[in-house]
Structures are given as C-alpha cells and as structure tokens.
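Shown next, in structure tokens, is the structure this report addresses.
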Amino acid sequence: MASLLAKDAYLQSLARKICVQPGPQPQARTRAGKTQGSKTAGPSKKKRNTSQKKFREREEKAAEHKAKSFGEKSPAASGAAISASSSAETPAGDLATEPESLFALDVLRQRLHEKIQEARGQGSAKELSPAALQKRQRRKQERDRKKRKRKELRAKEKARKAEEAAEAQEPVEPSPEGAGREPREMPRLIFNKVEVSEDQPASKAQRRKEKRQRVKGNLTPLTGRNYRQLLERLQTRQSQLDELRGQSEEKAQELEAKMKWTNLLYKAEGVKIRDDERLLQEALKRKEKRRAQRQRRWEKRTASVVEKMQQRQDRRRQNLRRKKAARAERRLLKARKKGRILPQDLERAGLA
C-alpha cells in the first residue's frame, strides 16, 4: 500500500513538472531620460556643419567633372549649385539626391542640343566620321556640278533665242540667178484607185460553184452524178436536134456546133462534162446495181437481226422455264425431307 502511494505521488509530481508552463514576463518600463531625448531630437550643430561641408565638397567635384566632360558649365548647373547652397538647412539625404538628378537633367539637355545641331548641319566637323565627311563632300561637289550645268544650259538657250530673233529680223533677199527662173512645182504623188471589198475571199469550192453557175451560150453544162437526169437531158437535146434537122439542116448544124463549143469552153475551165450517152447508161447501171446490192445487204441484215432477236427470246423463255422447274423440284425435295407424302410419290408407288 505504501509503495502504491509513493508511485502515485511520484507520477503526480512528474506530470506537474511537464504540464506546467512558465507565464509571460512583465515588460520593463523605460524612463524617458535626458540622454534619450537628446538622441531623438536630431543631429547636433557640429554634425550638421560637417554634413554641409561634405555636400559642398561633393558639389564642387560634380562641377569639375562636368567642366571636364562638356568644356563649360551650363547655366542650369550653376542654378543648381546656387539652389543647393541656399538649401543648406535640408536633411543630409535630400541634399545628396537633389544634385544628382540635376546633373542628369543637364547631361540630357546637353545631348539634346548636340543632336539638334547635328540635324541642322551645324555640328562640329571633328565629331563626324571620315566616311560622313567624304559623303558630305561628294554631295557638295554634285550640287556644284548640277548648278554649273544648269547655268550652261540657260546660256545656250539664251544664245539660241537671240539667233532666232536675229534671223527673223533679217529680210530674205532673192538671189540674182534665180530671179529670171520660174519656181518649180514639187512632184505630187499620184494614187491609183483601189477598190477593197469588205467580203471575205471565197474558198476554192465556192469559186468552183460560181464558175459552174455561169452559163455559156444559154446551155447548162451536163455535170453532176445524177446520171438518170443527165441522160434524160441529153436525150432531150438529141430529140430537139432531130426535130430541127427535119426542119432545117443548117440550123441543126449551127446548134450542134454551138453545143460543142460551149462544152469545150466548160472543159477548158475545168468543168467535167458528161455528154456521152453510152457512158451515162453504164454509170446509171452501175449505180442501180450498187443500190440494189445495198438494198439486199440491208434486208439481209434486218432479217439476221430479227432472227437473232427471236433466238435470244427463245433462249430466255427456255431458261425461265428451266429455272421454274428447278425451283419446283427444290420445293418438293424440301417437303420430302420434312416427311410429307406427295401425290407424285403415291402415283409412282401405285397407291393412288
């Protein structure tokens, strides 16, 4: 029992040590003494004087640097120095930043003036590169050359106008040699009358057709491939000649000679005259024969086409009939496989 109480006391003391945390310590109060007040009041008079001296030294160094870089001090820089000296009572940080900004403004202003002078062509020649100087010199030479050329052209134009005015004022005196002669007339050009038609030139076939249409001696030439018509016309002419011979032999001979000469003229022009009755009859027979042959061939072809069509129709009907029978046979086979008894089977077995 005593051991249990000892253990319990030990555990409680251990838990108290672990769980208990130290509380926050109270802040120590500070007294506002004279020394602290003197520190917060600001820099002393001695320190202020030293800062002003440092600012003046820095300002002088900046002015010397500007004088070295740009040659002379700008009025803005002098104004900045005056304003900086007048504002000596400002804090040390403000005094240090103000001259730097003024110096940057002076530098930018100086660069701007230099750029403007270069753009106007008033910049110093020492700052330009040799290539730029050479280019400027060439440009100047070109301008001078063009100016001289314009001056020469104006002088020439002026001299030419003066010569023309002098020639116009001088009277034209006739020469003594040409006084007795009459002035010659200039030869005139003589143009022949040329008629140009607006129609297009006729082709060879058109010219041949026009040539055939020209009828000579009131006789139409016997041309073409209509042999039946040519034969009829030739027979008509022969009958007219026969009738005229019965009346007057001389007139018949004159008409026959006229026909012959007309045919010769047509042949000379290249027209083929078909005035031989025997040849016309043979040509007509050949033509009729060819026509009959073509007719027979056409009839034979139509008959063969009809026959082939009929054969195809018969073959089609047979195929349809065969397919129908095969279809019916397949249906019967299916029925037999299913175990049906068909009338055909009964007839074959002799049971019907």
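The values are calculated or read from the model by the stated rules, or taken from the named source; none is laboratory data. In this text the structure is predicted, and so the values were computed from the model without any measurement. Neighbour counts are summed over all protein chains in view; Cβ atoms, including those assigned to glycine, are modelled from backbone coordinates with ideal geometry.
Condition check ((1) in the same structural domain as Glu59 (by TED's automatic domain parsing); (2) surrounded by fewer than 10 Cβ atoms within 10 Å (Cβ to Cβ); (3) at pLDDT 50 or above; (4) in contact with a His (Cβ under 9 Å, 6 or more places away or on another chain)) across all residues:
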residue: Ala77; (1), (2), (3), (4): yes, no, no, no
residue: Ala88; (1), (2), (3), (4): yes, no, no, no
residue: Pro99; (1), (2), (3), (4): yes, no, yes, no
residue: Leu105; (1), (2), (3), (4): yes, no, yes, no
residue: Lys115; (1), (2), (3), (4): yes, no, yes, no
residue: Lys140; (1), (2), (3), (4): no, no, yes, no
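Give just the number: which of (1) touching a residue at least 12 places away in the same chain (Cβ under 8 Å); (2) of a type in the set (A, V, I, L, M, F, W, C); (3) touching a helix residue (DSSP H, G or I) at 6+ places or on another chain (Cβ under 6 Å) does Leu265 not satisfy?
Looking at each condition in turn, Leu265 falls short on (3).
Among the residues of segment 313-352, which ones are polar (S, T, N, Q) and without any contact (Cβ under 8 Å) to a residue 12 or more places away in the chain?
Gln313, Gln318, Asn319
From (1) surrounded by 12 or more Cβ atoms within 10 Å (Cβ to Cβ); (2) farther than 30 Å from Lys204 by Cβ, pick out the condition that doesn't hold for Ala328.
Of everything listed in (1) surrounded by 12 or more Cβ atoms within 10 Å (Cβ to Cβ); (2) farther than 30 Å from Lys204 by Cβ, Ala328 misses just condition (1).
Hey, could you check segment 117-138 for residues that are among the polar types (S, T, N, Q) and surrounded by 11 or more Cβ atoms within 10 Å (Cβ to Cβ) and say which is modelled with the lowest pLDDT?
The residue in question is Gln117.
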